[in-house]
Each structure stands twice: as structure tokens, then as C-alpha cells.
Amino acid sequence: MLADLVLPVPLETRIGAVTLRRARSGDAAAIIALLADDPVSASRGDVAAEADLPAYTAGLESVLADASNDLLVAEHDGRIVGTFQLTRIPGMSRRGATRLLVEAVRVRSDLRSAGIGSALMRWTTDVAAPALGTSMVQLTSDARRVDAHRFYERLGFVGSHRGFKFRVPRD
């Protein structure tokens with residue numbers, strides 16, 4: 001499954017090569033910083049608070065322990081500059097098609113437009129999706145992310161569906 005993907009791999013960007021590899025538990029703080037380095041994520045509570053580190057670390061370990069999931073990071077000069085999650089989803093629709101879901105794509109804000117996001121997504125569509133036997137790569141993007149929508153469309157993604165979410169109340 002996802003563990004069969006050959007990693008790490010170098011990816012060419014406008015700042016030179018970045019290394020795409022699987023995240024490790026010790027990467028939690030850097031990944032949290034990428035999430036917090038985004039106004040939409042920050043508005044949802046991803047603010048990189050020290051007190052939240054155990055919850056994020058548990059989340060990361062849960063993703064990494066699930067054979068249908070992987071969390072990847074891009075490194076440049078020894079620092080994590082990007083991240084995203086992949087989930088392989090077998091299904092019944094589209095004649096039993098298997099999809100590859102991309103979640104939480106983030107690139108460090110000072111390195112956006114350096115080709116890192118494009119390299120990550122092209123690797124996903126050109127290498128990961130075929131290697132995993134998926135026939136479709138899909139993602140959702142918050143309606144407020146207009147720049148991200150243009151980015152995905154430029155890469156060939158089509159805004160074909162309208163997404164819905166239901167927030168489960170907690171005690």
C-alpha cells in the first residue's frame with residue numbers, strides 16, 4: 001500500500017532540490033508550524049501552541065500507523081518546508097475505483113511560489129497515484145483559499161464537486 005511508495009526522493013523546485021520523505025514522530029513541531037503558518041488553519045485553532053503538541057503528535061502517530069495513510073514532508077537544507085497527507089480509499093462507485101485523497105497541503109509561507117507545492121502535487125499525480133493503483137486524485141480546499149484553487153486548477157484539477165462538512169460536537 002502506501003508503505004510501498006519509494007521514499008525518500010529528490011524533487012526539483014525553483015530553490016533547488018527538496019527531499020520528499022515520510023514524516024516521523026519527531027517532525028510534529030515542524031508540521032504544526034506549517035499548519036499555523038496559514039491564516040485559514042490558524043482560524044480553526046492550529047496556532048502551534050506548546051500545550052497542543054501531545055495531541056498533534058498522537059495524530060501524527062495515528063496517521064503513520066494506518067496502512068491506508070501516509071504523511072509526507074519536503075525538506076530543504078535540513079528544514080521541513082512542506083507537508084501533505086495521502087489516503088488511499090477503495091470504493092464501489094466508478095466501477096470500483098480507488099481514489100487517492102490529498103489533505104493538508106502546506107508550504108512554508110516565505111517559500112510559496114518556489115515550485116515546492118507543484119513538485120509535491122506532480123509527484124502525487126505522476127508517481128504515487130499510478131504506483132498505488134488509483135484512478136483519481138482528489139482533494140478539498142476551503143472556500144476561502146482562492147489562490148490555492150487557482151494553483152490546483154493550473155495543475156489540472158477540476159472543481160467538479162461542492163464539499164460539505166459536519167462538525168461533531170464534543171463533551
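Check the stretch 53-61 and report whether any residue there is in contact with a Lys or Arg (Cβ under 7 Å, 6 or more places away or on another chain) and of a type outside the set (Val, Ile, Thr). No, the conditions are met nowhere in the stretch 53-61. Among the candidates ALA114, ALA143, the residue that is under 24 Å from ASP38 (Cα atoms) and surrounded by fewer than 14 Cβ atoms within 10 Å (Cβ to Cβ) is uniquely ALA143. Screening ARG144, ARG167, ARG150, ARG99 for residues that are at pLDDT 95 or above, of a type in the set (Lys, Arg) and either assigned to a loop (DSSP other than H, G, I, E, B) or farther than 21 Å from SER41 by Cα (or both) leaves exactly one candidate, ARG99.
If you check ALA114, ALA104 for being among the small types (Gly, Ala, Ser), within 29 Å of ASP4 (Cα to Cα), touching a Phe, Trp or Tyr at 6+ places or on another chain (Cβ under 7 Å) and touching a residue at least 12 places away in the same chain (Cβ under 8 Å), only one passes: ALA104.
The selection criterion, being within 19 Å of VAL18 (Cα to Cα), assigned to a loop (DSSP other than H, G, I, E, B) and touching a residue at least 40 places away in the same chain (Cβ under 8 Å), does not hold for ALA128. Tell me yes or no: at least one residue of the stretch 68-85 is touching a residue at least 12 places away in the same chain (Cβ under 8 Å) and farther than 29 Å from VAL146 by Cα. Yes, the stretch 68-85 contains at least one residue that is touching a residue at least 12 places away in the same chain (Cβ under 8 Å) and farther than 29 Å from VAL146 by Cα. Looking at this structure, is GLY133 touching a residue at least 12 places away in the same chain (Cβ under 8 Å) and either over 14 Å from ALA74 (Cβ atoms) or surrounded by fewer than 16 Cβ atoms within 10 Å (Cβ to Cβ) (or both)? It is true that GLY133 is touching a residue at least 12 places away in the same chain (Cβ under 8 Å) and either over 14 Å from ALA74 (Cβ atoms) or surrounded by fewer than 16 Cβ atoms within 10 Å (Cβ to Cβ) (or both).
The values are calculated or read from the model by the stated rules, or taken from the named source; none is laboratory data. Bear in mind that the values here come from a model prediction, so they are computed numbers and not experimental data. All Cβ positions, even for glycine, are placed from backbone atoms using ideal geometry, and neighbour counts span all protein chains on display.
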